[in-house]
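Inspection log for the structure reproduced underneath, given as C-alpha cells.
The values are calculated or read from the model by the stated rules, or taken from the named source; none is laboratory data. Keep in mind the model is a prediction, meaning the values are calculated, not measured. FYI the Cβ positions are ideal-geometry reconstructions off the backbone, even for glycines, and counts take in every protein chain you see.
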Amino acid sequence: MQILYEDNHLLAVVKPSGLATMGLAKGEETLLTRSKDYIKRKYNKPGEVYLGVVSRLDVPVSGVVLFARTSKAAARLNEQFRTHSVEKIYVALVEGSVEPPEAEWIDWIREDERHRKVWLTQEGQGKEAKLQYRTLHKTGNNSLIEIRLETGRKHQIRVQCSGHGFPVFGDRKYGAKTVFPDGIALHALRLTVTHPTTHQRIVLTAPIPVIWKKFTVIF
C-alpha cells in the first residue's frame, strides 16, 4: 500500500485501478478494508479501526483517496467537500483532439440506477456538473488533459468527457473504443485540503501509473 500522508487525524493513500474504495460485501477486500488492516497492524490496535471515507474513486480509476482517522476530522473534511473548498485535480487520456484546448464544461446529469450509469440531460433536469480542463499534450488524434473538478457528481468526468465527444481511454461504459490495459485512463492526481486541526493546506499527490508511459510521452 502506498501511503501519501499519515498522522493522528488523516490517512491518504494511492488507490490502484480495479479496487473498490468501499461498499462491497463483508469479507471482500476494498481500499477501506486494506487501509484499516494497515492501521491495525502498524499500531497494534485492538477491535475495530475507525476510518471515515471522505473521498472516493470509481473502481477503474486510480489516484488519491483520503480517509479521516477520527469522527471530528471526518466531519470537518466533509464540510470542506460540501462547500467546494477542496481542490481536486485529475488527469485523463481521452480519444480525440480536444478543442478548444482549455475551457469550462457546465452540464446537467441524471443518474440511472438500473444501469449504474449517469447521462447528460437538459438544463435543470438533474444535477449541475462543472469542471475546467486544459490540454497538456496531444498524441495523434488523442489528448492528455488536466481536469479541475468543481462539483463531485457520480461518474462526472467520465460522462462529461464522453458527452463532449472525448471518452476516456478504456471506458467502454461511456463509449470508448480505445483499449486500456489497467482500468481506465483517469487518475486523481492531486487533492488539496485544509488540515482539520492545524488548519494548514495539505497537497496530496499520487504518482501517475507507469502503464501511462506507453500512451503518452509527457510523463
Q. What's the number of the condition Arg76 fails, among (1) out of contact with any strand residue (DSSP E or B) (no Cβ under 9 Å at 6 or more places or on another chain); (2) in a helix (DSSP H, G or I); (3) crowded, with 16+ Cβ neighbours inside 10 Å?
A. (1)
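Conditions (1) surrounded by 15 or more Cβ atoms within 10 Å (Cβ to Cβ); (2) modelled with pLDDT under 95, marked per residue:
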| site | (1), (2) |
| --- | --- |
| Phe67 | yes, no |
| Thr83 | no, yes |
| Val86 | yes, no |
| Leu93 | yes, no |
| Ile106 | no, no |
| Glu113 | no, yes |
| Lys127 | yes, yes |
| Lys138 | yes, yes |
(Q) Is it the case, given these coordinates, that Arg114 is among the basic types (Lys, Arg) and more than 24 Å from Val54 (Cα to Cα)? (A) yes
(Q) Checking Thr21 against (1) part of a strand (DSSP E or B); (2) β-branched (Val, Ile, Thr); (3) touching a helix residue (DSSP H, G or I) at 6+ places or on another chain (Cβ under 7 Å); (4) within 25 Å of Arg172 (Cβ to Cβ), only one condition comes out false. Which one? (A) (1)
Q.
Checking the conditions here, which among Thr121, Thr83 is free of Cβ contacts under 8 Å to residues at least 12 places away in the same chain, among the β-branched types (Val, Ile, Thr) and either within 28 Å of Lys177 (Cα to Cα) or out of contact with any helix residue (DSSP H, G or I) (no Cβ under 8 Å at 6 or more places or on another chain) (or both)?
A. Thr83
Q: Would you mention how many residues in segment 196-219 are free of Cβ contacts under 8 Å to residues at least 40 places away in the same chain and under 22 Å from Lys15 (Cα atoms)?
A: 7
Q. Checking Ile211 against (1) surrounded by fewer than 16 Cβ atoms within 10 Å (Cβ to Cβ); (2) in a helix (DSSP H, G or I); (3) within 17 Å of the chain's Cα centre (by Cα), which test does it fail?
A. (3)
Q. So how many residues does segment 21-44 have that are surrounded by 18 or more Cβ atoms within 10 Å (Cβ to Cβ) and of a type outside the set (Val, Ile, Thr)?
A. 4
Q.
I'd like to check which strands (runs of 3 or more DSSP E) are fully inside segment 106-180 and have at least 3 residues that are among the aliphatic types (A, V, I, L, M).
A. 127-139, 142-149
Q.
Here's a check for you: in segment 155-180, which residue that is β-branched (Val, Ile, Thr) and buried (at least 21 other Cβ atoms within 10 Å of the Cβ) is farthest from Phe215 (Cα to Cα)?
A. Val159
